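**Q** I have a structure here, written as structure tokens, and I will follow up with some questions on it.
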Amino acid sequence: MATSPLRRALRGHGHALRPLVQVGKAGITRGLLEQLAQLLFDHELVKVRIAGECPVDRFAVADELGAQPGTSVVQILGRVVLVYKRHPEKPRFEGKAARGGDGATEAAPARTAKRPPKRTSKRTSKRTSKRRTE
């Protein structure tokens with residue numbers, strides 16, 4: 001399984017994805033697994049939706065999908081399973097490509113500008129207004 005920082009990043013990337021595979025009333029078939037393997041090769045990160053009429057429990061589906069070679073389940077959220085498999089040649093989420101190309105980590109740019117001073121309200125306090133009226 002992937003490390004915790006990688007899993008966190010994958011969950012973040014997977015949030016905006018649409019489900020590309022749907023497990024229906026036939027359950028997990030050989031064709032579905034072949035389609036998932038091709039999609040994982042193309043995209044690395046795939047959302048799988050489990051339909052309500054699926055005869056298998058969602059956790060059993062996740063176990064079956066995670067049992068494929070090199071595949072790991074990143075997240076189970078309701079009836080949606082997020083599945084990841086690292087690309088053998090050009091990984092997008094691991095390795096040099098994820099770190100910026102050359103493997104060197106870049107430091108965050110230093111902040112040179114100071115924060116502007118806090119604004120004070122124009123309204124005066126009750127104590128000050130009493131002095132003015134007396």
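The values are calculated or read from the model by the stated rules, or taken from the named source; none is laboratory data. Note that the structure is a prediction, hence the values are computed from the model and not measured. All Cβ positions, even for glycine, are placed from backbone atoms using ideal geometry, and neighbour counts span all protein chains on display.
**Q** Hey, can you tell me all the residues within segment 2-27 that are more than 18 Å from Gly78 (Cβ to Cβ), among the charged types (D, E, K, R) and either over 12 Å from the mean Cα position of the chain (by Cα) or at pLDDT 90 or above (or both)?
**A** Once the filter is applied, which keeps residues that are more than 18 Å from Gly78 (Cβ to Cβ), among the charged types (D, E, K, R) and either over 12 Å from the mean Cα position of the chain (by Cα) or at pLDDT 90 or above (or both), segment 2-27 yields only Lys25.
**Q** Could I ask something else about it? Examine segment 52-72 for a residue that is touching a His at 6+ places or on another chain (Cβ under 7 Å) and among the hydrophobic types (A, V, I, L, M, F, W, C), and state whether such a residue exists.
**A** Scanning segment 52-72, I find no residue that is touching a His at 6+ places or on another chain (Cβ under 7 Å) and among the hydrophobic types (A, V, I, L, M, F, W, C), so the answer is no.
**Q** Among the residues of segment 77-89, write down those that are surrounded by fewer than 19 Cβ atoms within 10 Å (Cβ to Cβ) and either without any contact (Cβ under 8 Å) to a residue 24 or more places away in the chain or under 15 Å from Gly24 (Cα atoms) (or both).
**A** Scanning segment 77-89 gives Leu77, Gly78, Arg79, Val80, Pro88, Glu89.
**Q** Within segment 28-51, can one find any residue that is more than 21 Å from the chain's Cα centre (by Cα), surrounded by 14 or more Cβ atoms within 10 Å (Cβ to Cβ) and small (Gly, Ala, Ser)?
**A** Going through segment 28-51, the residues more than 21 Å from the chain's Cα centre (by Cα) turn out to be 28-35, 51.
Among the residues that remain, those that are also surrounded by 14 or more Cβ atoms within 10 Å (Cβ to Cβ) are: 28, 32-33, 35.
Okay, now just the ones that are also small (Gly, Ala, Ser), so none.
Scanning segment 28-51, I find no residue that is more than 21 Å from the chain's Cα centre (by Cα), surrounded by 14 or more Cβ atoms within 10 Å (Cβ to Cβ) and small (Gly, Ala, Ser), so the answer is no.
**Q** Taking into account only those residues within segment 1-36 that are in contact with a Pro (Cβ under 9 Å, 6 or more places away or on another chain) and in contact (Cβ under 8 Å) with a residue 24 or more places away in the chain, which is farthest from Asp63 (Cα to Cα)?
**A** Taking the candidates together, the pick is Lys25.
**Q** Which condition from (1) part of a loop (DSSP other than H, G, I, E, B); (2) modelled with pLDDT of 70 or more; (3) exposed (fewer than 13 other Cβ atoms within 10 Å of the Cβ) is the one that Arg92 breaks?
**A** Only one criterion is unmet by Arg92, namely (3).
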